[in-house]
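The next block holds one structure in the form of structure tokens; read it before the comments.
Each reported figure results from applying straightforward, stated rules to the coordinates on display, with no laboratory input. Keep in mind that what you see is a predicted model, and the values were worked out from it rather than measured. Neighbour counts are summed over all protein chains in view; Cβ atoms, including those assigned to glycine, are modelled from backbone coordinates with ideal geometry.
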Amino acid sequence: MDKVTVKAPANIAFIKYWGKKNEKLRLPANSSISMNLSETYTLTSVEKDKTLQTDRVSIDGTRLNGEALIRITKHLDLIRGMAKEKMFLRIESKNNFPRGAGIASSASGFAALTLAASKAFELNLSEKELSILARLGSGSACRSIPDGFVEWKVGETSESSYAHSLYPPDYWEICDLIAIVGEDSKKVSSTEGHSIAESSPFYKARIAGMPKKISEIKKAMKNKDFAKFGEIIETEAVNMHTVMMTSKPPLFYWLPETVTIMESVIQWRGQGIQSYFTIDAGPNVHVICESKNTDKLKIKLKSMHEIKKVFINKPSIGATLI
Ligand code: DP6
């Protein structure tokens, strides 16, 4: 097969994945729920090349080496093993958003890579198989495979830990306005963060509360009860960051600007513009609203000097060949 190109969305977790019960297999400590994002994505092109002695990977124009390349080559080795292939790949990947700044670039990146490489090696994998494989590259990547609103079931084994679509993108007209305050790569990667989550005295309570939280958010999504949904996602984000900040060593992903935006969202809500925040492992704030409020919030966010850029996302389909 010639060049294969895939587009895969980043996703925002409403119920977060933080902590693993098996690091090697990236089996999460809890189920998580997310939405794929229409305007923040990775485009990855993959080509088999028999002249190569190693995989050749460039991301946003920079050739990868060291640890970053090893992580990708290991993932490709899995796919080569499944396809009984030996050939190395020439890979070019582009993100339309800053990497490592709390928009899940590893999610869209590994989802795109998994689908593209499996197609280049002429494997015809099911959505479930692709999701499992993407998870082995980066946990949250398994949620960028299916469409729309997605649940990653915790699973007890590698075969039972994958994501599936709860609702298609057009099920609910909600938006994620990502307010970018910092574009630097984070100092502590999510992978390192997961590994120290258990050292927080609040971790056990967080995990114990998950089944109830998951069933409550699913009910709110089913009823399209935006107020209930918003309350759950905001509390959940603060809960995860509490675990992060109380881990040993502590992880502070927020910047002063992050807190300013969080407070503004609460204030706007008091004024009748219903919106809620959530934050992943970085300083940027995801402001979630119903689409009827998108324009008002866009104006508010764009007028804040703390904010460098705003990405406006609708729910999106998952990884696709283009
Ligand atoms: C805070 O999927 O990046 O964004 O499996 O080690 O690659 P690895 O971790 P990763 O963790 C994402 C953490 C999060 C929450 C979430 O997306 O659920």
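Among the helices of the chain (complete DSSP H runs), which have Cα atoms covering no less than 24 Å along the helix axis and a Kyte-Doolittle mean of at least -0.5?
66-83, 226-245
Starting from the exponent 0.38 and prefactor 2.2 Å, build the expected Rg for region 248-322 from its residue count and divide its actual Cα Rg by it.
Normalised by 2.2 N^0.38 Å, the Cα Rg of region 248-322 equals 1.25.
Within a 10 angstrom radius of the beta carbon, how do Thr44, Thr191 rank from fewest other beta carbons to most?
Thr191, Thr44
I'd like the projected area of region 239-290, averaged over all directions, using the convex hull of its alpha carbons. Report it in nm² with one decimal.
3.7
Report ³J(HN,Hα) in whole Hz for each residue of region 86-91, in order, from the Karplus equation J = 6.51 cos²θ - 1.76 cosθ + 1.60 where θ = phi - 60°; Gly and Pro get x.
10, 5, 7, 10, 9, 10
Taking a cut-off of 16 Å between Cα atoms, list the lysines near Lys86, but don't count ones fewer than 8 places away on the same chain.
Lys48, Lys50, Lys74, Lys119
Relative contact order (percent) for region 1-114, with alpha-carbon contacts under 8 angstrom and 6 or more residues of separation?
It comes to 35 percent, rounded to a whole number.
If we count other beta carbons within 10 Å of each Cβ, what is the order of Phe252, Phe121, fewest first?
Ordered from fewest to most neighbouring Cβ atoms within 10 Å, Phe252, Phe121 come out as Phe252, Phe121.
Using Cα pairs under 8 angstrom and six or more residues apart, how large is the relative contact order of the chain, in percent?
Relative contact order for the chain comes out at 25 percent.
Pull up all non-local amide H partners of Ala319: gap of 5 or more, or a different chain, and H-to-H distance under 5 Å with H placed in the peptide plane.
Correct list: Ile145.
Read phi for every residue in region 154-162 and hand back ³J(HN,Hα) as whole Hz from Karplus 6.51 cos²θ - 1.76 cosθ + 1.60, θ = phi - 60°, with x for Gly and Pro.
Values per residue, Gly and Pro as x: 3, x, 9, 10, 4, 6, 9, 10, 8 Hz.
Give the peptides 174-183, 239-248 in descending order of average Cβ contacts within 10 Å, highest first.
The packing order, highest mean first, is 174-183, 239-248.
Rounded to the nearest Å, what's the spacing between the alpha carbon centres of region 263-305 and region 65-144? Just the number, please.
Distance between centres, Cα-based: 32 Å.
Want the number for Asp225 to Lys308: 0.36 nm per residue separation, take away the alpha-carbon distance, what's left?
26.7 nm
Please enumerate, by chain and number, the aspartates and glutamates with C-alpha under 13 Å from the C-alpha of Lys292, excluding those fewer than 8 residues away in the same chain.
Glu173, Asp176
Suppose we flag trypsin sites (Lys or Arg not before Pro) only when DSSP calls them loop and at most 10 other Cβ atoms lie within 10 Å. Which is the longest uninterrupted stretch of the chain?
188-322
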